[in-house]
1. Rounded to the nearest 500 deg cm²/dmol, what is the calculated helix-only ellipticity per residue at 222 nm for the chain, with -39500 (n - 2.57) per DSSP H run of length n ≥ 4?
2. Determine, for each peptide in 28-34, 329-335, 229-235, the mean count of other beta carbons within 10 angstrom over its residues, then list the peptides with the highest first.
3. Straight distance only, please: which aspartates and glutamates reach the Cα of residue 205 with their own Cα at less than 16 Å, same-chain residues fewer than 8 apart left out?
4. Label point 7 Å out from residue 51 along Cα-to-Cβ: which residues of the range 1-45 have amide N under 20 Å?
5. Counting DSSP beta bridges in the chain, what percent are antiparallel, to the nearest 5?
6. Over the chain, with a Gaussian network built from C-alpha contacts below 10 Å, which listed residue (260, 301, 181) shows the highest mean-square fluctuation?
7. Would you look at the GNM of the chain, springs on alpha carbons closer than 10 Å, and say which of 126, 276, 136 moves the most?
8. Among 267, 148, 26, which one shows the highest mean-square fluctuation when the chain is modelled as a Gaussian network with alpha-carbon springs under 10 Å?
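Coordinate-derived values only; no laboratory data. On a predicted model such as this, the values are computed, not experimentally measured, just so you know. Note that each Cβ is placed from the backbone with ideal geometry, even for glycine, and that neighbours are counted across all protein chains shown.
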Amino acid sequence: MSTRVGVLGATGAVGQRLIQLLAPHPEFEIATLTASPTSAGRSYRDAAKWRVDTPIPEEVADTTVAETDPDEVPNDIDLLFSSLPSSVGADVEPEFVEAGYVVSSNSSNSRMDEDVPLTIPEVNPDHLDLIEVQRDERGWDGALVKNPNCSTITMVPTLAALEGFGINRINVSTLQAVSGAGYSGVTSMEILDNVLPNIGGEAQKMETESRKLLGAFDGAEVTHHSADISASCNRVPTLDGHLENVWVDLEDDPSPEAVAGIMREYPSADLYSSPDPLIEVFEDPERPQPRMDRMLGGGMAVAAGGIEKTTDGVQYNCLAHNTIRGAAGASVLNGELLLEEGYI
Ligand code: NAP
């Protein structure tokens with residue numbers, strides 16, 4: 001039997017990707033869609049400025065968009081995916097969880113809360129059991145689970161692969177696509193023929209979320225990884241796909257071949273949306289590139305290349321599709337993990 005799911009913020013850039021991934025999903029059935037009061041009451045076809053690279057799925061096109069309010073969502077929904085602006089999510093997501101819903105959320109609010117699991121199923125699936133701590137502390141019947149920021153999720157699987165070499169320090173510089181700013185994020189006058197060398201709050205998210213994801217969970221709390229992380233985030237005029245230049249100072253001194261090998265071998269999860277291989281490693285130093293490589297593994301793979309030794313360790317480039325692996329696909333994968341682990 002399918003799990004009945006809903007999407008909060010279904011009309012936005014990430015919400016549309018969620019619909020695209022959930023409509024054909026073998027385990028989930030879309031049962032409700034919500035958005036802002038401006039969209040509520042309209043058909044999904046009318047309310048969503050559909051910009052995803054497949055036609056709008058017929059099974060949701062005539063669904064009436066509901067208000068984002070627990071009283072407006074049917075009680076028999078098993079799981080909600082949230083792609084609300086974080087200011088809205090901060091108020092509304094706890095209301096849904098208090099009402100008993102399990103919420104798998106993209107929004108940045110609460111990601112660093114001590115009792116909220118921040119998970120990438122291939123990297124730290126054990127952190128999901130923070131839900132028990134969350135339920136004890138907050139008295140919730142439902143649960144709130146987060147996936148990381150799109151720039152963080154692009155880099156962290158490659159770091160998880162390198163963990164055995166001992167990570168001391170990470171420097172990263174990003175080239176992030178415009179879809180990462182949402183449907184009405186940056187205007188064409190700002191971004192065409194230009195690069196924006198600051199994305200508000202993004203560098204800090206990369207630094208803190210990476211440490212939490214790579215940290216150790218002892219059943220009660222997550223001890224964050226001790227590596228120093230320094231990030232610089234740039235918006236560039238690509239549509240989808242974040243490319244990142246990473247420098248990692250390691251305890252050991254592996255060859256570029258050993259780094260490539262360990263990344264290639266890093267396992268995927270035994271879940272429907274987890275690609276195999278998880279990390280696609282290129283020998284060609286011209287790859288990965290956003291236009292050529294963002295759809296690897298259905299948009300769920302991480303690509304790496306340009307691996308070189310430097311005086312400070314190892315340098316490489318990595319890439320992932322920011323609204324699929326970096327957002328909607330990451331939430332869906334967490335939904336699959338919640339199902340697998342019996343939280344739904
Ligand atoms: P977006 O395109 O602006 O979409 C926002 C969605 O939230 C729309 O469905 C919008 O509905 C709804 N909404 C806005 N105000 C609301 C309100 N007051 N009450 C209820 N619903 C409201 O944003 P996005 O890029 O999809 O991002 C969504 C979330 O995912 C954000 O928290 C963002 O930080 C996070 N995220 C985004 C990316 C990315 O690559 N874009 C990656 C990772 C994480 P209307 O259409 O009716 O306005």
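1. -7500 deg cm²/dmol
2. 329-335, 28-34, 229-235
3. 113, 114, 228, 244
4. Zone members listed by number: 8-22, 34-40, 44-45.
5. Roughly 45 percent of the beta bridges in the chain run antiparallel, per DSSP.
6. It is 181.
7. Its mean-square fluctuation being the largest, the pick is 136.
8. In this elastic network of the chain, the residue with the biggest mean-square fluctuation among 267, 148, 26 is 26.
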